[in-house]
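*Asks:* What follows is a structure written as structure tokens; I'll ask about it next.
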Amino acid sequence: MEQQHLYNYILGIADNNLILGQRLGELCGHGPNLETDIALTNIALDLFGQVRSYYQYAAQILGEGATEDDVAFLRKEREYRNVLLVEQPNTHFGYVIGRQFLFDVFHYLFIEQLQHSNDETLSAIAKKAIKEVSYHKRFSGDWIKRLGDGTKESQAKMQEAIDALWPYTQELFEMNAFEKEALENQVGVNLPELKEAYDEQVGQVLQEATLKIPENPYFHKGGKEGIHTEHMGYLLSDLQYMQRTYPNMNW
Amino acid sequence: MSEKEIKNLEEIFEARIARDEKIEPKDWMPEKYRQTHIRQISQHAHSEIVGMLPEGNWITRAPSLRRKAALLAKVQDEAGHGLYLYAACETLGISREELYEQLHSGKAKYSSIFNYPTVTWADIGAIGWLVDGAAIINQVPLCNTSFGPYARAMVRVCKEESFHQRQGYEIMLTLCKGTPEQKAMAQDALNRWWWPSLMMFGPTDAESTHTEQSMKWKLKRKTNDELRQQFIDQTVPQAEILGITVPDPDLKWNEETGHYDFGEIDWEEFWQVVKGHGPCNKERMKARVGAWEEGEWVRDAAMAHAKKQQEKKVAKAS
């Protein structure tokens with residue numbers, strides 16, 4: 001597979017981690033109790049750990065002394081390839097958990113397949129990440145059940161979050177040109193094939209949580225092509241603040 | 001119990017402490033010992049979780065992925081310290097909710113240093129280097145304090161704090177070896193954090209109210225002034241290695257005493273911040289109270305869910 005295309009394929013995976021980790025980072029110190037604060041920070045740390053491996057690989061492909069930080073911090077908004085789901089804001093804890101869960105179930109299925117990539121680096125990253133992602137999925141799934149099948153108030157709040165986030169789930173399974181090429185070269189994962197298992201697993205947890213699967217047939221997409229929601233620019237302003245204000249320095 | 005019996009118990013108790021035996025939660029203890037420990041341990045726990053806020057302020061803006069992950073991990077460690085200090089405090093017969101209530105109402109104090117703002121990235125380095133450095137000097141003696149759960153918690157806390165301190169110093173070192181702009185950022189952070197760090201050791205011995213009793217119970221082994229001097233003696237050479245200047249024109253090595261002489265601390269500022277009028281007191285409390293109130297429905301849901309699960313289990317079994 002052409003190196004520049006592989007680079008773009010890697011960003012499509014890794015940017016999800018970066019942006020979701022950044023969102024979780026906003027919460028650190030502000031959680032509903034210390035235990036969830038610690039657990040969500042753990043997840044953020046896992047995501048950043050994985051993202052560093054991906055970006056180190058991406059930087060190697062770029063060559064010319066590029067670093068993981070160049071890849072992470074110095075792109076324009078239109079060059080970030082994360083799905084819209086992960087950039088959604090921390091409106092309330094229901095959204096945090098909903099976003100996490102809807103991503104984690106996908107992430108697990110994805111990583112499971114990526115282990116079989118014939119790109120050795122990607123396969124190795126996936127093998128290392130699978131245990132972590134499995135824990136994320138269990139954590140967020142358990143919280144979906146607690147909030148869904150908790151109090152009346154929590155059920156309403158959790159349902160509200162699921163309804164609001166659901167339109168962003170379809171994008172996870174749509175393949176852009178780089179993803180198609182990666183699949184053809186047995187580097188990448190067949191995303192539409194993950195959909196059935198995803199629907200089943202998500203449906204099962206939502207049902208157990210006494211929550212309804214939204215019937216809204218309208219979905220949003222664009223993140224994979226770098227067309228983001230209005231939230232993204234602000235997120236990047238924070239993320240890139242130091243690198244943009246003080247260019248070309250070591251930290 | 002008669003007065004004589006209590007007096008007898010107190011004597012046995014004090015003798016145990018004098019022999020360096022640990023007091024455990026189930027042991028008899030004088031009420032004053034219990035209250036003093038609740039006050040000090042909870043104050044310490046509160047300091048950990050309020051301390052998450054100024055540093056948390058830079059997680060989203062950390063300048064590199066490595067620094068971002070390290071900062072997240074550090075702030076998470078502080079949450080962990082808070083957690084086991086609260087747990088140690090709970091063994092004395094007070095609930096976490098009550099402790100939070102005391103923090104939120106302003107009845108309980110936390111370390112005043114966290115009422116200063118973190119305005120540049122260098123502040124993250126300065127906090128690690130100076131604030132954690134001062135905390136370690138305050139806390140290492142507590143690893144041998146008389147109350148078992150506190151002493152054991154402190155062993156773990158100190159290990160992690162010492163790691164944080166090295167990390168903070170390394171941030172400073174990187175800045176000082178960097179561009180002139182970075183070095184200026186480091187100097188500016190030292191200028192702002194130096195005096196508040198010295199204040200972390202509390203009022204001068206002449207003004208300190210708890211020292212004598214605390215010494216007896218091994219909650220304190222050295223006085224505020226002794227610890228402050230130790231911090232200064234240790235930190236000034238570290239600033240010299242960094243090549244930045246401690247903002248105290250009176251700072252001077254004293255051959256005779258073998259210590260640094262230093263200038264007058266602005267105690268008016270100290271008391272202003274302690275009394276709730278520092279630059280960020282209101283913001284810190286607003287953040288803590290806000291997180292607690294916004295989290296109420298989440299905690300309620302978790303309780304309700306656990307109860308439902310328990311009922312299902314019982315129904316299944318019968």
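None of the figures in this text is laboratory data; all of them are computed from the coordinates on show. These figures come from a predicted structure and were not determined experimentally. A quick note on method: Cβ atoms are made from the backbone with ideal geometry, for glycine too, and the neighbour counts reach across all protein chains shown.
*Asks:* How large is the charge dipole for the protein assembly as shown, taken about the Cα centre, if only the Cβ atoms of Lys, Arg (+1) and Asp, Glu (-1) carry charge, to the nearest 20 debye?
*Replies:* 1140
*Asks:* Something else now. Report the equivalent ellipsoid semi-axes for segment A:57-167 in whole Å, largest first, defined as the square roots of five times the eigenvalues of the gyration tensor built from alpha carbon atoms.
*Replies:* Those come to 32, 19, 10 Å.
*Asks:* Given the -39500 (n - 2.57) contribution per DSSP H run of 4+ residues, what per-residue ellipticity at 222 nm results for chain A, rounded to the nearest 500 deg cm²/dmol?
*Replies:* -22000 deg cm²/dmol
*Asks:* Additional query: Kindly express, to the nearest 10 degrees and within the range 0 to 90, the angle between helix A:93-114's C-alpha long axis and the longest C-alpha principal axis of chain A.
*Replies:* That helix lies at roughly 50 degrees to the long axis.
*Asks:* So, one more: Suppose a student asked you for the relative contact order of chain B, using Cα pairs under 8 Å spaced at least 6 residues apart; what percent would you report?
*Replies:* Once divided by the residue count of chain B, the mean separation gives 17 percent.
*Asks:* Ok, one more. Ratio to report: Rg/Rh of segment A:3-245, with Cα atoms as the point set and Rh obtained by the Kirkwood method; give two decimals.
*Replies:* 0.95
*Asks:* By the scheme Lys and Arg +1, Asp and Glu -1, what is the net charge of all other residues having a beta-carbon under 13 Å from that of residue A:103?
*Replies:* Result for the neighbourhood of residue A:103: -2.
*Asks:* Determine, for each peptide in A:9-20, A:143-154, the mean count of other beta carbons within 10 angstrom over its residues, then list the peptides with the highest first.
*Replies:* Taking the mean over residues of other Cβ atoms within 10 Å, the ranking is A:9-20, A:143-154.
*Asks:* While we're here: List the equivalent ellipsoid semi-axes of the protein assembly as shown in whole Å, largest first, each obtained as the square root of 5λ for an eigenvalue λ of the Cα gyration tensor.
*Replies:* Over the Cα atoms of the protein assembly as shown, the semi-axes work out to 46, 32, 19 Å.
*Asks:* For chain B, what does -39500 (n - 2.57) per DSSP helix run (n ≥ 4), summed and divided by total residues, give at 222 nm, in deg cm²/dmol to the nearest 500?
*Replies:* My calculation for chain B gives -21500 deg cm²/dmol from helical runs alone.
*Asks:* Here is a follow-up. Do you know the relative contact order of segment A:3-245, to the nearest whole percent, from alpha carbon pairs under 8 angstrom that are 6+ apart?
*Replies:* 25
*Asks:* Could you tell me whether segment B:234-317 comes out rounded, prolate or oblate from its Cα gyration tensor? Rule is a ≥ b ≥ c as square roots of the eigenvalues, rounded for a/c under 1.5, then prolate if a/b exceeds b/c, otherwise oblate.
*Replies:* prolate
*Asks:* Continuing with this model, one more query. Taking Cα atoms, how many degrees apart are the long axis of helix A:231-245 and the longest axis of chain A, rounded to 10 and kept between 0 and 90?
*Replies:* Compared with the principal axis, the helix lies near 40 degrees.
*Asks:* How big is the gap, in Å, between the Cα center of segment B:1-41 and the Cα center of segment A:59-89?
*Replies:* Each part's Cα centre sits 60 Å from the other's.
*Asks:* Once you have the alpha carbon radius of gyration of chain B, what is it after dividing by 2.2 N^0.38 Å, with N set to its residue count?
*Replies:* Relative to the rule-of-thumb radius for its length, chain B sits at 1.11.
*Asks:* Computed from the mean reciprocal separation of all distinct C-alpha pairs, what Kirkwood hydrodynamic radius does segment B:20-99 have, in Å?
*Replies:* For segment B:20-99, the Kirkwood estimate is 14.2 Å.
*Asks:* Can you find, among A:242, A:62, A:106, the residue sitting farthest towards the positive end of the charge dipole of segment A:3-245, where Lys and Arg contribute +1 and Asp and Glu -1 at Cβ?
*Replies:* It is A:242, whose Cα lies furthest towards the positive end.
*Asks:* A follow-up question, please. For segment A:25-36, what does the Karplus curve 6.51 cos²θ - 1.76 cosθ + 1.60, with θ = phi - 60°, yield as ³J(HN,Hα) per residue in whole Hz, taken in order and with x for Gly and Pro?
*Replies:* Result, ordered by residue: x, 4, 7, 4, x, 10, x, x, 7, 5, 5, 5 Hz.
*Asks:* Whole-Hz ³J(HN,Hα) for each residue in segment B:112-124, computed from phi via Karplus 6.51 cos²θ - 1.76 cosθ + 1.60 with θ = phi - 60°, x for glycine and proline: what do you get?
*Replies:* Result, rounded to whole Hz: 5, 4, 7, 8, 9, x, 9, 9, 9, 4, 4, 4, 5.
*Asks:* Treating the beta-carbon of each Lys and Arg as +1 and of each Asp and Glu as -1, no other charges, what is the dipole magnitude of chain B about its Cα centre, to the nearest 20 debye?
*Replies:* For chain B, the charge dipole is close to 1640 debye.
*Asks:* In peptide A:140-147, what is the residue-averaged number of other protein chain Cβ atoms found within 10 Å of each Cβ?
*Replies:* Mean partner shielding for this stretch: 3.
*Asks:* If you put +1 on each Lys and Arg Cβ and -1 on each Asp and Glu Cβ, how big is the dipole of chain A around its Cα centre, in Debye rounded to 20?
*Replies:* Roughly 380 debye for chain A.
*Asks:* Kindly provide the GluC sites (Glu not before Pro) of segment A:212-251 that DSSP labels as loop, not H, G, I, E or B, and whose Cβ sees at most 13 other Cβ atoms within 10 Å.
*Replies:* A:215, A:230
*Asks:* Would you give the gap between the C-alpha center of segment A:191-251 and the C-alpha center of segment B:282-299, rounded to a whole Å?
*Replies:* The two parts, judged by their Cα centres, are 26 Å apart.
*Asks:* Continuing with this model, one more query. Amide H neighbours of residue B:147 under 5 Å, counting only residues 5+ apart in sequence or on other chains, H built in-plane at 1.01 Å?
*Replies:* B:23
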